[in-house]
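We did not get these values from a lab; they are worked out from the coordinates using the rules stated. It should be emphasised that the depicted structure is a prediction, and the values quoted were computed from it without experimental measurement. Cβ atoms come from the backbone with ideal geometry, glycine included; neighbour counts cover every protein chain shown.
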Amino acid sequence: MNKWVLSLFAVFSLFIVIFVNLNNNSDANIRTNTELDNVSNAEMELVIEENPDIFPMRIALANRYFDTVDYSKALPHFMYVAENSTDVELKSYSLAQIAWMVYESGNREVAINYLNESISINPSSVISNSYLGVLYLQEQSTQSKGLDMINNLLIGDNLSEEDRSFLEGIISNYES
């Protein structure tokens, strides 16, 4: 065998491993928590380039970039999912993450528009409602609405303990 055949075999093997991994994790919570710990960002980018509609992997990669505040790399992946996915949860989640990046760049009103769109697609989105509640809390004119939104999230049972604790901490700063 020559080096080209071996290279092709190696790349094809990587695609199969990643594809099997994604299929095994497709039922995960909004399919953003795939087991890709041993796959590099560069490998994920390569797979996505060859398979642009592999939305769970796009979300996983975008989240990696988002978590390291590398928004210029996260944004195109979230935008692609928001524009092309028909999955309500993935689309809503992507819009929420875009909203937060827009907010971080200093454009609160556009961020609120993205969050409202996200919530119109998936009214029960915890992340969208959390983000919007936090943004509302920061303005005196919308503070009571933000408190209501976050309190409604705290009443429900959809929050992880970490999220619950985080939101309780935020709300304690604003309640009298």
Mean Cβ count within 10 Å, highest first, over the residues of peptides 132-140, 65-73: 132-140, 65-73
Burial ranking of peptide ranges 167-173, 125-131, 154-160 (average Cβ count within 10 Å, highest at the top): 125-131, 167-173, 154-160
Packing rank of 52-64, 89-101, where each peptide gets the mean count of other beta carbons within 10 Å, highest leading: 89-101, 52-64
Virtual spin-label span in nm between Asp87 and Thr142, 7 Å along Cα→Cβ: 2.8 nm
